[in-house]
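Notes to accompany the following structure.
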Amino acid sequence: MTGVPQFDADLLPIVRRFEAAGFRAWPASSVHYDGTWVIRLTAGHPAKRLNSINPLDPGDCDNLTERIARASRRFEAYGRPTTFRMSPLGGAFISAYLDQEGWSRFSESVVMSIDLSAVDLDNVLSQIPMKDMARFISAAMTVHDFEPSIRPGLSEIVSSIEPESGLFLLEDDDRPVASAICVHDGDLAGLFEVATFSGVRGKGHGRRVVLSALKWARLRGAKIGWLQVEASNTVALALYTSLGFRRVYDYHYRQPPK
């Protein structure tokens with residue numbers, strides 16, 4: 001059997017916690033529920049995590065054909081391809097069904113976490129998050145090299161984050177070189193949209209912006225830092241591992257045959 005591997009059931013509550021934190025930290029504009037499936041859609045932004053079916057209980061796998069057809073109609077109305085985001089909560093049964101139906105598997109990603117009490121942040125630059133969201137969005141667009149069409153959707157997402165969030169930007173000669181969003185949610189600090197401008201990579205800017213964000217969150221009571229990164233991004237994985245982040249679980253995406 002292919003798809004999501006068998007997973008330690010004792011870790012499922014931890015996965016559920018990170019998944020729920022991720023939904024709060026990076027909100028979709030439209031959310032529907034089918035049993036324990038969370039169907040997230042966002043017209044203004046094409047990110048897969050904002051446009052995906054997210055099963056949250058390995059035992060909720062009845063009437064798959066009908067439920068997938070209903071969800072697909074929602075995706076079609078948004079002009080998005082029907083996409084499953086398969087964490088360990090998706091379970092082996094749904095994975096086997098998607099395999100049988102010929103759904104592709106792609107964008108393998110890793111969720112990582114770090115104990116903030118074990119990180120030496122004493123000598124890290126104390127950075128005050130930006131208050132000017134429009135300026136931050138402009139800088140992040142440059143750092144990520146996003147298409148201009150992404151700006152309205154990204155602005156809507158950032159402005160919709162309900163937990164306390166910090167917008168972090170590093171500049172060199174008034175040019176943005178690295179950016180990150182840190183979402184402080186109880187004892188969790190989630191890092192999102194971490195990036196370094198392509199022309200200045202390898203100079204430690206990514207490390208600096210991540211550590212500054214984590215220091216800010218720890219001062220506000222966060223105890224665990226976490227993030228999501230594509231498994232193919234070996235440079236980012238090496239950075240996070242060197243900082244002390246460790247793998248918690250993996251997820252991937254599935255789409256039907258064309």
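The values are calculated or read from the model by the stated rules, or taken from the named source; none is laboratory data. Keep in mind it's a predicted model, so treat the numbers as computed, not measured. Methodologically, a virtual Cβ is constructed for each residue, glycine included, from the backbone with ideal geometry; neighbour enumeration extends over all protein chains shown. Note: accessible area is taken over every heavy atom of the protein model, side chains too, but ligands, DNA and RNA are not part of it. Shrake-Rupley method; radii C 1.70, N 1.55, O 1.52, S 1.80 Å.
See the values below:
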{"quantity": "Any hit, region 57-76, residues being closer than 26 Å to residue 188 by Cα and either aromatic (Phe, Trp, Tyr) or not in a loop (DSSP other than H, G, I, E, B) (or both)", "calculated": "no"}
{"quantity": "Hey, residue 159 closer than 18 Å to residue 228 by Cα and hydroxyl-bearing (Ser, Thr, Tyr) or not", "calculated": "no"}
{"quantity": "So residue 193, is it modelled with pLDDT of 95 or more, on the phi > 0 side of the Ramachandran plot and open to solvent by 30 Å² or more (accessible area, probe 1.4 Å)", "calculated": "yes"}
{"quantity": "Extreme residue, nearest to residue 156 (Cα to Cα), among residues of region 45-56 that are open to solvent by 30 Å² or more (accessible area, probe 1.4 Å) and in a loop (DSSP other than H, G, I, E, B)", "calculated": "46"}
{"quantity": "Residue within region 204-218 that is over 21 Å from residue 115 (Cα atoms), open to solvent by 10 Å² or more (accessible area, probe 1.4 Å) and either touching a residue at least 12 places away in the same chain (Cβ under 8 Å) or polar (S, T, N, Q) (or both) present", "calculated": "yes"}
